[in-house]
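The next block holds one structure in the form of structure tokens; read it before the comments.
The values are calculated or read from the model by the stated rules, or taken from the named source; none is laboratory data. These numbers were taken from a predicted model, which means no experiment stands behind them. Because the Cβ atoms are built from the backbone with ideal geometry, glycine has one as well, and the counts that use them run over all protein chains shown.
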Amino acid sequence: MKVPFCKVVCGGNEACYVQEVLDSGWLTTAGKCFEFEKKFAAETGGRFCVAVNSATAALHLAVEALGIGPGDEVLVPTLTFTATAEVVRYVGADPVFVDVEYGSGLVTAEIIEEALAAHPKVKAVMVVHFAGQAANMPAIMEVCRRRQVRVIEDAAHAFPTRCAGRMIGSWGDITCFSFYANKTITTGEGGMFVTDDEGLARRARVMRLHGIDRDIWNRFTASRPSWEYDVVAPGFKYNLSDLAAAVGLAQLEQTHEFRQKRQAVGERYVKTLSDLPDVDLPLLHGPAEDHSWHFFWLVLGAKALKNRNVFIEGLIEREIGFSVHYKPLHHMTYYRDHYKLDAARFPNAERHWRGCVSLPLYPTMQETELEYVIAAVRELLRG
């Protein structure tokens, strides 16, 4: 049997909505994109949504909209994908790397407070919601508001995720989502910038399309069409096409079905793998229903029967997909050398990274596939 690490599911209205866009003759940013923004806002509880072509674009727009620039510092957890930190460098600011909680992979209010005390120039905090579970946003927001530090949430893993009864997308100053192909819902490539601040949303809308003050769709479809526009800033090319938004709308309709099926897989892993010796499973801080179950990982301890490389070789032999989330940024050459980062500063991320392996998880995972993966993992780790 061959089991992929992830599998895109397009079993709803994707083809229908894409055909509507093709029939319209207008393929770039237009009505479907605006509809996607409106419906995503309703789902997350954020007032304003700006659709873009990646979560990286959304994060870049976030730091730019908040006025972060040269000389500023931004807190970034080391256990994340490089995009979280690289956008800070795009604007000439510097990331200040912090450790995470072992077991959840999440940054905590205590970690943030300690880092802010040591780095008074920090202007914003990047809160990364890891693997589908939310960080403790009430506690984090209390710390950041008290210290007058802005909050950007990297929610690439966190749709639809809840925290303290509220959806992720309704907590920080700006929340950035991903619709990459392996996410809970996808547009192929895409992202969303979400905020309650009308001024920040207005800035993101202008900057996502070359700094032009009027959307091309509005210029040519208004009651009195006009070619006239102005460039008010040196913007970017970050808009989402209507073709991608059409897929996103269909995926959005299936969001909660996808999440429930992902949860069922994750809970099976917890139930069947929790007795493995010297293997740590994800630490959950809230109800399983609040988690989007983006991926499920194990951490093999120092005394585990198989080390990670041997375990991975066993998965490959059995044609079982896997991934590793993540090699921390303090191990990446650019960040390590440029900021002279010492791994000893990040003991929890180190412990996670040295043994982590992510297992297959997708909504259409069949019972036979799940049983095959569980049996293989148990065989490899119990001998």
Can you work out which of the residues in the range 358-378 that are touching a residue at least 24 places away in the same chain (Cβ under 8 Å) and surrounded by fewer than 18 Cβ atoms within 10 Å (Cβ to Cβ) is nearest to the chain's Cα centre (by Cα)? 364
Just to be sure I understand, how many residues within the range 318-330 are charged (D, E, K, R) and farther than 13 Å from residue 3 by Cβ? 1
Among the residues of the range 15-29, what is the count of those that are under 25 Å from the mean Cα position of the chain (by Cα) and surrounded by fewer than 21 Cβ atoms within 10 Å (Cβ to Cβ)? 1
Residue, farthest from the chain's Cα centre (by Cα), within the range 164-193, restricted to residues that are more than 30 Å from residue 4 (Cβ to Cβ) and not in a loop (DSSP other than H, G, I, E, B): 166
Quick one: count up the residues across the range 329-357 that are in a helix (DSSP H, G or I), farther than 19 Å from residue 74 by Cα and under 20 Å from the mean Cα position of the chain (by Cα). 2
Search the range 325-336 for residues that are without any contact (Cβ under 8 Å) to a residue 12 or more places away in the chain and assigned by TED's automatic domain parsing to the domain that holds residue 81 and pair each with any residue that is polar (S, T, N, Q) and outside any helix (DSSP H, G or I) when their beta-carbon atoms are under 7 Å apart and the residues are at least 6 apart or on different chains. none
From the list 284, 249, which one is aliphatic (A, V, I, L, M), at pLDDT 95 or above and surrounded by fewer than 18 Cβ atoms within 10 Å (Cβ to Cβ)? 284
Identify the residue in the range 164-177 that is surrounded by 22 or more Cβ atoms within 10 Å (Cβ to Cβ) and in contact (Cβ under 8 Å) with a residue 60 or more places away in the chain and, among all such residues, is farthest from residue 363 (Cα to Cα). 174
Filter the range 266-281 down to residues that are part of a helix (DSSP H, G or I) and either charged (D, E, K, R) or buried (at least 21 other Cβ atoms within 10 Å of the Cβ) (or both), then give me how many there are. 5
How many of the residues in the range 229-261 are polar (S, T, N, Q) and closer than 20 Å to residue 158 by Cα? 4
Given the conditions (1) assigned to a helix (DSSP H, G or I); (2) closer than 30 Å to residue 39 by Cα; (3) not assigned by TED's automatic domain parsing to the domain that holds residue 93, every one holds for residue 247 apart from (3)
Criterion (closer than 28 Å to residue 347 by Cα, of a type outside the set (Asp, Glu) and either modelled with pLDDT of 95 or more or assigned by TED's automatic domain parsing to the domain that holds residue 175 (or both)) met by exactly one of 89, 47: 89
Among 62, 41, which is the only one that is crowded, with 23+ Cβ neighbours inside 10 Å and within 19 Å of the chain's Cα centre (by Cα)? 62
Just give me the residues in the range 113-144 being in contact with a helix residue (DSSP H, G or I) (Cβ under 9 Å, 6 or more places away or on another chain), more than 19 Å from residue 164 (Cα to Cα) and in a helix (DSSP H, G or I), in sequence order. 113, 116
When you look at residue 303, is it over 26 Å from the mean Cα position of the chain (by Cα), surrounded by fewer than 16 Cβ atoms within 10 Å (Cβ to Cβ) and part of a loop (DSSP other than H, G, I, E, B), yes or no? yes
